[in-house]
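One structure below.
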Amino acid sequence: MEVNGYRIKPGADLTGADLSVADLTGADLAVADLSGADLTGADLSGADLTRSNLTGADLAGANLHRANLTDANLTDANLTRSNLTRANLYHADLRGAILRDADLRGANLYHADLRGAILRDADLRGAKLRDANLSDANLTRADLIGATLTDATLTDANLTRANLYYADLRGAILRDANLSGANLSGADLTGADLSGATMPDGSINE
């Protein structure tokens, strides 16, 4: 398979490749090196990106619906307004990634590393974030209705005005997290650590 003059195959070296608006539906790019690649507006729905390197890649507006990103490296990647609905991001490295306004409904982020990631206004309804690390992540106004955050680490996370309606936060670590104006109605906080957290009413939890 060849797209824009680039050979699309597992393990391909596509460092810095221009694949903007490319049709990569169902493409097999497992273990491929796409670091710094331009994938803005690309259609990667159903693509296999298992263990691929997407460090610093630009995926703004890309369609990654049901894509397999298991163990993928997305450090510092730009995923602004991307479609990641039902995507599999199990154990993916998303440290410092920009996911502003991204659609992550029903995505599997189990054990994903999202330290320092920007998830402002992201749609995470029904997302699975069990054991995920969201320390220092910015989740301002994020929609987390019904999301699973069991045993997740949210130390120093910014959850200002986030919607956590009926979210599962059992055993989650929310030390020093900012929950100002957040909606915690129906949320399950059994066993959660809220030491030093700023609560929805602005009070500091002792």
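Please treat every number below as a calculation from the coordinates, not as lab data. Please read these numbers as outputs of a predicted model, since none were measured by experiment. Ideal geometry is used to build each Cβ from the backbone, glycine not excepted, and the neighbour counts take in all protein chains shown.
Dipole of the stretch 48-108 computed with +1 at Lys/Arg Cβ and -1 at Asp/Glu Cβ about the Cα centre; of Thr75, Gly56, Ala102, farthest Cα towards the positive end is Ala102. How much of the DSSP beta bridge set in the stretch 77-206 is antiparallel, as a percent to the nearest 5? Around 5 percent antiparallel, to the nearest 5.
Nearest 20 debye, what's the magnitude of the dipole of the chain about its Cα centre given +1 on Lys and Arg Cβ and -1 on Asp and Glu Cβ? Show your work: numbers first, answer last.
Numbers: 18 positive and 29 negative charges, 75 e Å.
For the chain, the charge dipole is close to 360 debye.
A simple charge model with +1 on the Cβ of Lys and Arg, -1 on the Cβ of Asp and Glu and nothing else charged puts the dipole of the stretch 87-206 at about 240 debye relative to its Cα centre. How big, in percent, is the set of alpha carbon pairs in the stretch 11-133 lying more than 20 Å apart? Of all Cα-Cα pairs in the stretch 11-133, 27 percent lie more than 20 Å apart.
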